[in-house]
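Contents: one structure, followed by commentary.
The values are calculated or read from the model by the stated rules, or taken from the named source; none is laboratory data. Note that this is a predicted model, so its numbers are computed, not measured. Quick reminder, even Gly has a Cβ in these numbers, built from the backbone with ideal geometry, and neighbours come from all protein chains shown.
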Amino acid sequence: MTDSTFSFEQASIFFDVYSYLGLPLSRDFAAGHIDAVVMGVPYDLGTSGRAGARGGPNAIRQASANLRWEERRWPWDFCLAERLNVIDFGDLNYMYGDSDDMASRVEEQAAQITGAGKTLVSFGGDHFVTLPLLRGHARTHGKLALIHFDAHTDTYGDEEKYSHGTMFYRAPQEGLIDPARSIQVGIRTQYDQSSHPFQVVDAHRANELPVDDIVAAIRARVGDSPAYLTFDIDCLDPAFAPGTGTPVIGGMSTSRALRILQGIADLNIVGFDVVEVAPAYDHAQVTALAGATLALQFLYMRASRQ
């Protein structure tokens, strides 16, 4: 247990809505009492569809104000602030329009934060930001298992250096992730099934199988490997997440996604991101609230292992 620097009891949803959950804004992540760090990556130059995910980190933070009143997030039976000290690092700055600079800075910052023994929770941005995040995490933890929620496999081996559809084609080539220990959930777009190296729980099965069966599949695939969890918000059906660049009908509900995550809380998940929230296409913060809640679910997952 850690000494808390923040109490949800003191948090009104009407003030200080500039940080995630009203957490302290700080870049002093090396402090010994800090357990986890939230960081935004406002980048969307890898987008193939509708742009706007660069606004995702801010939208997620704004929507998170609606989560601050509940000291113990249902159905967890403990107070997050009593187990986990979290700071909001703010958004990572980079030279606008310079994807090389963005990737370099994200990798380095992720490596510094994880190398200091902290858990990093990142907000995209489009899904390309996961590749430099994986590079940074792999520098600390070695080759990772990948738990990937998405409508798309993002294994398209095109020649574009920066594309939000190529990260998981490139990541195994770079030795960042082990496909034999990795699983993708919610897929419902085309991919080459004859040579696909990842286990897939497609959207039909993700919607129809009992949650316990999906949890069992993830647990069996990942085992005790250090794992990175990436959640593209378009894994959810557009009814639950309309504000995204490449919406695909037939996805999961937010309830089902949250229950799956709770079922894998005790796996050795060392990093998390939620990406592709595009607030210009959102309505009443539905998508941003989903992203904020998924991030909070991960923090509870992390705290449950304290």
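Within region 235-267, the set of residues being within 17 Å of ASP213 (Cβ to Cβ) and among the hydroxyl-bearing types (Ser, Thr, Tyr) comprises SER253, SER255. Scanning region 252-290 for residues that are over 17 Å from the mean Cα position of the chain (by Cα), surrounded by 17 or more Cβ atoms within 10 Å (Cβ to Cβ) and in a loop (DSSP other than H, G, I, E, B) yields ASP282, GLN285. Please determine whether any residue of region 96-118 is outside any helix (DSSP H, G or I) and in contact with a Pro (Cβ under 6 Å, 6 or more places away or on another chain). Within region 96-118, not a single residue is outside any helix (DSSP H, G or I) and in contact with a Pro (Cβ under 6 Å, 6 or more places away or on another chain). When region 63-105 is examined, which residues are found to be surrounded by fewer than 17 Cβ atoms within 10 Å (Cβ to Cβ), in contact with a helix residue (DSSP H, G or I) (Cβ under 8 Å, 6 or more places away or on another chain), farther than 16 Å from THR293 by Cβ and among the aromatic types (Phe, Trp, Tyr)? Selection gives PHE78 alone.
Of the residues making up region 179-213, those that are touching a strand residue (DSSP E or B) at 6+ places or on another chain (Cβ under 9 Å), among the polar types (S, T, N, Q), closer than 21 Å to VAL248 by Cα and at pLDDT 95 or above are GLN184, GLN199, ASN207. In region 91-106, the qualifying residues are those that are small (Gly, Ala, Ser) and touching a Phe, Trp or Tyr at 6+ places or on another chain (Cβ under 9 Å), and the one that is farthest from MET39 (Cα to Cα) is SER99.
Taken together, GLY157, GLY175 contain a single residue that is closer than 21 Å to ILE113 by Cα and in a loop (DSSP other than H, G, I, E, B), which is GLY175. The residue of region 121-139 that is surrounded by the fewest Cβ atoms within 10 Å (Cβ to Cβ), among those that are among the hydrophobic types (A, V, I, L, M, F, W, C) and under 14 Å from VAL270 (Cβ atoms), is ALA138.
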